[in-house]
Amino acid sequence: MKKITLSLIVFVCIFSNAKALETIENDTTVYFKNKTIQIEDSIGQMKVKVLGLDGEEYKPVYEGVFSDGKSFEKWTVMEEIGIQLPFMTKSKSKRKYTMEPHWAGIGWGFANIADQQYNFNNINGVSLKSESSNEFFFNLIEKILPVYKNNLGITTGLGFNWRNYYFDSNQYFAELNGVTVVQDAPTGTVYEYSRLRTHYITIPLLLEWQPTFGASQKFFISAGVIGGINTLASQKLKYKDQNDNTIRKTVGKGLNIAPVTLDFQGQIGYGSWNIYAKYSPFSIFQSQKGPEIRSVSVGAMLNF
């Protein structure tokens, strides 16, 4: 900038010869198109001031001090008087991406089942306790890729999901001849609970929108899909035997749970908190190897 400023001074001085400008020793004052340019040149230092005529009063526009390779520059009323000088033009820096993803964290929600027509519970002979069935997830890794300024981005990461489905009736899942079916409890046995638990490693692909309100960018909405890889499934029962002893028994593992799953998720939040809803378009069980039931869930999440 110093080179540009000095070039302007040289130009003004040359132009001043044609305009009969006033020169006093090493200090120069130039009057040019309702602007005053003052140059003070001393040993090792040069000062430049530009004043513009605003009505009947001159107001400071620019001031620069150059000394020993160092410089100090400031301008004040450039926009007010509409002056357009090259060395006063501020460069526009590109907007930095500062988006924060909203995947990593812990969450809890109510879990249930649905069919293709979005009917909930009591699907294909499976009835759940809605107040007891739940999901818990713990997301560890997250990354966001801004695709439009710092307001729209694509989020991905890695997490873990546990789901517990509690039967509302005195029944349980069992695998017979390679097919998972719903079985009634043996005569005389009443289950305190009958629970199917599944565990997944999850990978999201979410489109996240973070609008800017003033200086705040805490509000966000995201939607997309979450892929899941099943790593564990088991059916556990709790009941009392004829001697009134409490029995906890795992009666099945695997149970033909689909090895991979997919959930549609919608999410809305502010700051570190959000609420979400999920729906899977695919059955929990493998095709033709278990009841056609699909998982749904709603809940809340705390982001790290």
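Selection of the range 165-181 for residues being of a type in the set (D, E, K, R) and under 41 Å from the mean Cα position of the chain (by Cα) yields only Asp168.
Of all residues in the range 110-136, those being within 24 Å of Leu158 (Cβ to Cβ) and surrounded by 21 or more Cβ atoms within 10 Å (Cβ to Cβ) number 2.
Yes or no, residue by residue, for (1) assigned to a loop (DSSP other than H, G, I, E, B); (2) outside the structural domain of Gly159 (by TED's automatic domain parsing); (3) at pLDDT 75 or above; (4) over 40 Å from the mean Cα position of the chain (by Cα):
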position: Thr28; (1), (2), (3), (4): no, yes, yes, yes
position: Val50; (1), (2), (3), (4): no, yes, yes, yes
position: Tyr62; (1), (2), (3), (4): no, yes, no, yes
position: Phe66; (1), (2), (3), (4): no, yes, no, yes
position: Phe72; (1), (2), (3), (4): no, yes, no, yes
position: Ser93; (1), (2), (3), (4): yes, yes, no, no
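Of all the residues in the range 134-175, those that are farther than 30 Å from Thr212 by Cα, modelled with pLDDT of 95 or more and charged (D, E, K, R) number 3. When Asn243, Asn230 are checked against the criterion of being over 24 Å from Val298 (Cβ atoms), surrounded by fewer than 19 Cβ atoms within 10 Å (Cβ to Cβ), polar (S, T, N, Q) and assigned by TED's automatic domain parsing to the domain that holds Glu135, Asn243 stands alone in meeting it.
The criterion of at least 2 residues that are within 28 Å of Trp103 (Cβ to Cβ) and within 32 Å of the chain's Cα centre (by Cα) is met by the following strands (runs of 3 or more DSSP E) wholly inside the range 217-286: 219-240, 260-270, 273-283. Of all residues in the range 273-304, those that are out of contact with any Phe, Trp or Tyr (no Cβ under 8 Å at 6 or more places or on another chain) and farther than 21 Å from Tyr165 by Cβ total 3. Residues of the range 184-209 that are modelled with pLDDT under 95 and more than 15 Å from Lys238 (Cβ to Cβ): Thr187, Gly188.
Being polar (S, T, N, Q) and assigned to a loop (DSSP other than H, G, I, E, B) is the filter; apply it to the range 98-120 and report the residue that is modelled with the highest pLDDT. Among them, the one singled out is Asn119.
Residues that are crowded, with 17+ Cβ neighbours inside 10 Å and in contact (Cβ under 8 Å) with a residue 60 or more places away in the chain were ranked within the range 137-150; the one that is farthest from Gly299 (Cα to Cα) is Ile144.
Of the residues contained in the range 203-216, none is found to be in contact with a strand residue (DSSP E or B) (Cβ under 6 Å, 6 or more places away or on another chain), of a type in the set (Ser, Thr, Tyr) and touching a residue at least 40 places away in the same chain (Cβ under 8 Å).
For the range 233-266, filtering for residues that are modelled with pLDDT under 95 and aliphatic (A, V, I, L, M) leaves 1.
The values are calculated or read from the model by the stated rules, or taken from the named source; none is laboratory data. These numbers come from a predicted model, not from an experiment. Here the Cβ is made from the backbone with ideal geometry for all residues, glycine too, and neighbour counts use every protein chain on show.
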